[in-house]
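Trainee: Sharing a structure, written as structure tokens. Questions coming.
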Amino acid sequence: MTPSPRDEEFSAFVTGRRVALLRTACLLTAGDPHLAEDLVQTALARMYVAWPKVRRSESADAYARRVLVNAYIDEVRRPRWRREQTVSELPDLPGRPDTGPGGGGPDAVDGDVIRTALAELPKRMRAAVVLRHWLDLSVEETASLLDCSEGTVKSQTAKGIARLRSLLGGGAEATSRTSRTRTMLPAEGS
Amino acid sequence: MNDVKDMLAAALDRGPDPGQPVNPAGDLARGRRLLRRRRLTRLAGAAGVAGVAAGIVAAVLTLGPAGQSAPHQPPAAGQHTRHQHAPPAPGQHPARRAIKLVSYEGYQAPGYQVSEVPRGWVVQGANAFALTVAPAGDPDKSVDSFTGKIAVMLKSRDEPAPKGQPNLQVAGRPGFLDRQGDTWILLYQDKAGQWVDIQFPAKLGWDAPQFAKFAAGVQVLGNAQPGRG
């Protein structure tokens, strides 16, 4: 059977962009690969249905980001699906050989520690940090995606980075427990 | 160097690997299934099995297999392709008799107010996501079925606000009118600032001012919700 233009275009988009979407979803979910995969599948299925609208949009990538973020916000609103639990202290985590003393450079931090720190952030705060600093979206674009004001984006991003700084660098407990060196994170807007 | 970005990149140390191969077959199959379900939902009204079967045939004939309805290429980055069909000018369809808009004082569905309807049409009903206006006596009573009806809804949350030059004014506010197959789609900003999406069957035979006039008489109230996709 000859594939339709929609199928061809959609397949090409998935081939080229799926991994990037999945990596973003992994950050939004603080490293939950199963939830990230669910979000990407949901987002891509919605995109297929809306493909005529995707064609009319200015950017398929921007459309995909919006659908993914909406799927994420929908997901975290469901209490029964909340797979992340907020804890008052970072758990002890095994170290990795390449990030111990003498390995990985002075600012190296284990991925597990970072994922745990990301999981500490409220969902929308985490999304603001990821959208601004991973996807390099502007404050305006981020506000549009999160359906909030630009001021909220700025404050949420700043608070998110400060919280990460506290968890990863400023928190003596975390660094001593995990034998990590400090990671300096810039303030929002720097 | 963005240190936050470096930190986020480190959080992806367990993957997925940017270079990993992708097979789109699974996503394609899921997309097709969702599209099929959406079409069936819209087609499945109170008309019964025979009506549903006829509707499916009609949809397939109208839309073709998934995606064959619009065989053009996706836009390049930054390219804006809205309004591939210019709105019909007044009197553009001399061979087709337009159904006249008349004042409406009948049943109003919760969440919406409609002041004018095509002659002989009525407000069918509404749910949280859409209102349908259909010919009186239409056997398809389902408000989830839009075939041959006017459907009013808020713009999908997944669709970004339209950009570019509006090609229509609805009560002095920007509107974007576009044709997809046998459906005209009007997207406009109402006086409350929300984007409203109205789908019209082309069989109405209307021109741009008539679409705008109908839209100007529609109010979407606070309890309506935007859909997805």
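Bear in mind that the values in this text are calculations on the coordinates, not laboratory data. In this text, all values refer to a predicted model and were calculated from it rather than measured experimentally. With ideal geometry, Cβ positions are generated from the backbone for all residues, glycine too; neighbour counts draw on all protein chains shown.
Trainee: Once you average over the residues of A:158-168, how many Cβ atoms of partner chains fall within 10 Å of each Cβ?
Mentor: Across A:158-168, the average partner-chain Cβ count within 10 Å equals 1.
Trainee: Given H placed 1.01 Å from N in the peptide plane, which residues other than close sequence neighbours of B:GLU116 have an amide H under 5 Å from its amide H?
Mentor: B:TYR104
Trainee: How about segment A:26-77: which trypsin sites (Lys or Arg not before Pro) there are in a DSSP loop, with at most 12 other Cβ atoms within 10 Å of their Cβ?
Mentor: Values: sites: A:ARG46, A:LYS53, A:ARG55, A:ARG56, A:ARG65, A:ARG66, A:ARG77; in loops: A:ARG77.
Within segment A:26-77, the qualifying trypsin sites (Lys or Arg not before Pro) (loop, at most 12 other Cβ atoms within 10 Å) are A:ARG77.
Trainee: Any chance you could run the full-extension gain for B:ALA202 through B:ASP3? It's 0.36 nm times the residue separation minus the Cα-Cα distance, nm to one decimal. Walk me through the intermediate numbers first.
Mentor: On the way: separation 199, 0.36 × 199 = 71.64 nm, distance 5.46 nm.
Gain on extension, B:ALA202 to B:ASP3, equals 66.2 nm.
Trainee: Fully extended, how many nm does the chain gain between B:GLU105 and B:ASN223 (0.36 nm per residue separation, minus their Cα-Cα distance)?
Mentor: 40.4 nm
Trainee: In whole angstrom, note down how far apart the Cα centers of segment B:135-158 and segment B:98-114 are.
Mentor: Each part reduced to its Cα centre gives a spacing of 13 Å.
Trainee: To continue, here is another question. Take segment B:86-229, drop everything but the C-alpha atoms, weight them equally and run the Debye formula without solvent; then report log10 I(q)/I(0) at 0.18 Å⁻¹ to two decimals.
Mentor: With one equal scatterer per Cα and no solvent, log10 I(q)/I(0) is -1.04.
Trainee: Using 7 Å Cα-to-Cβ label points, what is the B:ALA136/B:ARG38 separation (nm, one decimal)?
Mentor: My value for the distance between the label points is 3.4 nm.
Trainee: For B:SER142, what residues show an amide H to amide H distance below 5 Å, using hydrogens built from the backbone and excluding near sequence neighbours?
Mentor: Close amide H contacts, sequence-distant or interchain: B:ALA46.
Trainee: Further question: Report, in whole Å, the centroid distance computed from the Cα atoms of segment A:124-162 and segment B:163-192.
Mentor: 30
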